[in-house]
Amino acid sequence: MAIPVEKVAGPRRQNKAEFQWSADQAPADFHERLFELEERGELVVQRVDTEYMEVPVKYGRTKKVPIGHTWHHKSCGQCGHIPGYSTSIFWVNRKLGIEYEDPRDQTSCTAWNYYASATSNAAAQAAVAMRNFAAAYETGRFPIIHCGTSFGHYKEVRHEILAHDHLREEVRRVMDALGKPLVLPEEMVHYSEWFYAMRHEIARHQVRDFSKIAVTVHPACHYYKLVEGDAIYDPEVYGGQRTAIVSGVAEALGAEVRDYSTWFDCCGFGFRHILVQRDFTRSFATQRKIKRMKEEADPDVTLTHDTGCVTTLDKSQFAARAQDPSFATIPVLSEAQFAALAMGAHPYLVCQLHWHAADYKPLLEKMGIDHEKCWAEFEEATARLERGEQQYLTWEDTDV
């Protein structure tokens, strides 16, 4: 059953005009091919068969975003470098009383092979995606993808699977060997689309005032530049000329979204060159993104919605500070962490901001959060683990 999405005015800028998509510009709707192949018995389509929000995507189409009964495809980079990212996603779900599954039967999407090293092949990459979708399908829950890289990669895999008979046959042989069905979900859903769809419900549970918080937004390349027709565009946000995904959430929470000239640029991560030309990555992230944001918008925080973007924009700033001690840093968060903080999440037990490199303490102070008190609470929690009083922290320790 579709749940109507409440409309509110979003941030505006001076655009040429609001976009009006024509039928000539719109690519073919992949759903037609998807359901055709299902009818022929070549694959299984996992439907969005629980309550969902219908959100606007490019070319005037809509997309179903399930509210609950979801299977969360985690991000290797989040779990390894920004653990407060995924815990914030789960904490918000729990705070809203929404049921989900944090699976153990999941592999990496291996998109690093695809985007960085070129050491894999189409059938292997597609088989990894299909295996993860089958794992979700077997639980009866719909997959929600945490990583923007995985999201973009899986959309491209879907395109290839639907387009090429020989690839489907190769992947089917792999899935047969695993004893799993060849499954594609009806929609490819990124976690940030869930936050966008649920933004007004999140705002209803907001306990901290963000009306004095200014933000800049970095939209992740792998979210909206790959298979662009499957990303959220709302005419209420920038006249529909940019993806609405993070700006809509920040605006719903009462923050001021400020514009800057290099919003379209990559964060600097870029995959291959972060491995072989890391200084270029750091220079691009700080000079082309952070410095421009600071000079043009002077935000309290910059928000993004992908693993690599948070990591690169946050953890590159030390290099600029080392070269120029006067370099003005900006804290970097995911919108999931931002939303969790708005709802009262603990900055360390839940959002784990101590894993972040750029100074976030002035932001917490502006949010009305006593970070010294919160740090003392975090130290006491970890001391209980050291004393053997607890084996690990539980969700009850985080007030959900």
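The values are calculated or read from the model by the stated rules, or taken from the named source; none is laboratory data. Since the structure is predicted, the reported quantities are computational estimates derived from the model, not experimental observations. Backbone-built Cβ (ideal geometry, glycine too); neighbour counts: all protein chains shown. Areas reflect the complete protein model, heavy atoms only, side chains present, ligands, DNA and RNA absent. Shrake-Rupley method; radii C 1.70, N 1.55, O 1.52, S 1.80 Å.
Here is the figure for region 302-340: residues that are within 18 Å of GLY270 (Cα to Cα), assigned to a helix (DSSP H, G or I) and over 11 Å from the mean Cα position of the chain (by Cα) total 7. So is THR302 loosely packed, with under 15 Cβ neighbours inside 10 Å and either assigned by TED's automatic domain parsing to the domain that holds VAL246 or among the hydroxyl-bearing types (Ser, Thr, Tyr) (or both) or not? Here the answer is no, as THR302 does not meet what is asked.
If you go through region 34-45 and keep only what is open to solvent by less than 40 Å² (accessible area, probe 1.4 Å) and either under 27 Å from GLY68 (Cα atoms) or in the same structural domain as LYS180 (by TED's automatic domain parsing) (or both), you end up with LEU34, LEU43, VAL45.
Residues in region 110-159 that are within 21 Å of VAL310 (Cα to Cα), within 17 Å of the chain's Cα centre (by Cα) and either open to solvent by less than 10 Å² (accessible area, probe 1.4 Å) or at pLDDT 95 or above (or both): ALA111, ILE144, ILE145, HIS146, GLY148, SER150, PHE151, GLY152, HIS153, TYR154. In the set (1) open to solvent by 50 Å² or more (accessible area, probe 1.4 Å); (2) assigned to a loop (DSSP other than H, G, I, E, B), VAL48 fails one condition alone, (1). Restricting VAL310, VAL301, VAL276 to those that are of a type outside the set (Asp, Glu), within 22 Å of ASN113 (Cα to Cα) and touching a Leu at 6+ places or on another chain (Cβ under 8 Å) reduces the list to VAL310. PHE90: touching a helix residue (DSSP H, G or I) at 6+ places or on another chain (Cβ under 9 Å) and within 30 Å of LEU313 (Cα to Cα), yes or no? Yes; evaluated as a whole, the condition is true for this residue. Examine region 288-305 for a residue that is of a type in the set (A, V, I, L, M, F, W, C) and within 14 Å of ILE274 (Cβ to Cβ), and state whether such a residue exists. Scanning region 288-305, I find no residue that is of a type in the set (A, V, I, L, M, F, W, C) and within 14 Å of ILE274 (Cβ to Cβ), so the answer is no.
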